[in-house]
Amino acid sequence: MAITITGGLTMSGGTEIVIPPPPPSEFDFSNPVYNSYTWPGDSNIGTVFAIAFGKDGEKFYVTDSTYNYREFDLSTPYDLSTATYVRGKNIPALEYSRGPSGMTFNAAGTRMVGQADWYHYALELSTAWDISTLTFKREVNINSQSGDTNYNGLQFNGSEDKIVTTTYQAGEVQALDVSWTSFFYNNSDKISVGTFPRKKGFAFDKTGSRFIIYDRDNQDLLIYTMTTPYDVTTGTLSTTYDVSGINPVGDAITNIVPSHDFTKIFLLNNATVWMISQ
């Protein structure tokens, strides 16, 4: 039997046509699978306040209550059960008593933004992804510009000229301009997501057409769709997922960190990382 494809190509001799399955949907957690991880590889680790991944999930980072940034290798990307502690760097933040609430790397792994309530920090790595080469550059007090407090979670936009973060108390998602010489200044790129219920955490999807935050009071993940990619001012609530079945939840979740293909998200509380996959 021969199969002829438009254009004149003929295949015969039992040729099998394999149609690959469609790629998994991003941020589709209508049938979620939960996995939990406690802190691997380093017995000296304190209370973990913020997490980040690097190198397509081959690296994992935390900052904790001992004033350390810590780096782990993952032999299986995004599988924290395969983590091996590599090294750390002690950098006490000037306002560390407020507790870190977010950290994020640029795509090259040479720059990082840290967050402790309304303070935001610029840090640089002289060797990409090597946390021991991390150096503190500057801080900015966003409260002095915006009057807002309780920032939780952050991520770069696609062009890495903004970070976007969620304010717990003001009930806003805000985009903050990034300049690595003068660092941040507050601008008007923001959207109200409601003061009550209160919100925490932030993550874009792969194309920047949606973002996800956590509703602390109702224990839901909220997905907003944007008509203009990465422009949070154009966002409208499109999907709500109940995650109250994850324990512990409540106000403990502060970070939402996606995998690079956005089929997994990781929710941080002070004792555990929960992974939700589809």
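Just so you know, all these numbers are worked out from the coordinates, no wet-lab data involved. What you see is a predicted model, and the numbers here were worked out from it, not measured in a lab. All Cβ positions, even for glycine, are placed from backbone atoms using ideal geometry, and neighbour counts span all protein chains on display.
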In nm, what is the difference between 0.36 nm times the number of residues separating Ser238 and Asp217 and their Cα-Cα distance? 5.7 nm
For Gly102, which sequence-distant residues (separation of 5 or more, or a different chain) have an amide H within less than 5 Å of its own amide H, given hydrogens modelled in the peptide plane? Gln115, Gly153
Residue-wise HN-Hα coupling along region 221-226, computed from phi with Karplus coefficients 6.51, -1.76, 1.60 (Hz; x: Gly, Pro): 8, 10, 10, 9, 9, 10
Inter-label distance for Ser144 and Asn35, nm, one decimal - labels placed 7 Å from Cα along Cα-to-Cβ: 4.4 nm
Taking H placed 1.01 Å from N in the peptide plane, check which residues at least 5 places from Lys162 or on another chain put their amide H under 5 Å from its amide H. Asn157, Val178
Largest first and rounded to whole Å, the semi-axes √(5λ) derived from the alpha carbon gyration tensor of region 28-277 read 24, 22, 17
In whole angstrom, how far apart do the alpha carbon centroids of region 118-133 and region 146-224 sit? 21 Å
With x for Gly and Pro, the residue-by-residue ³J(HN,Hα) of region 45-52, computed from phi through the Karplus equation 6.51 cos²θ - 1.76 cosθ + 1.60 at θ = phi - 60° and given in whole Hz, is 5, x, 5, 8, 9, 7, 9, 7
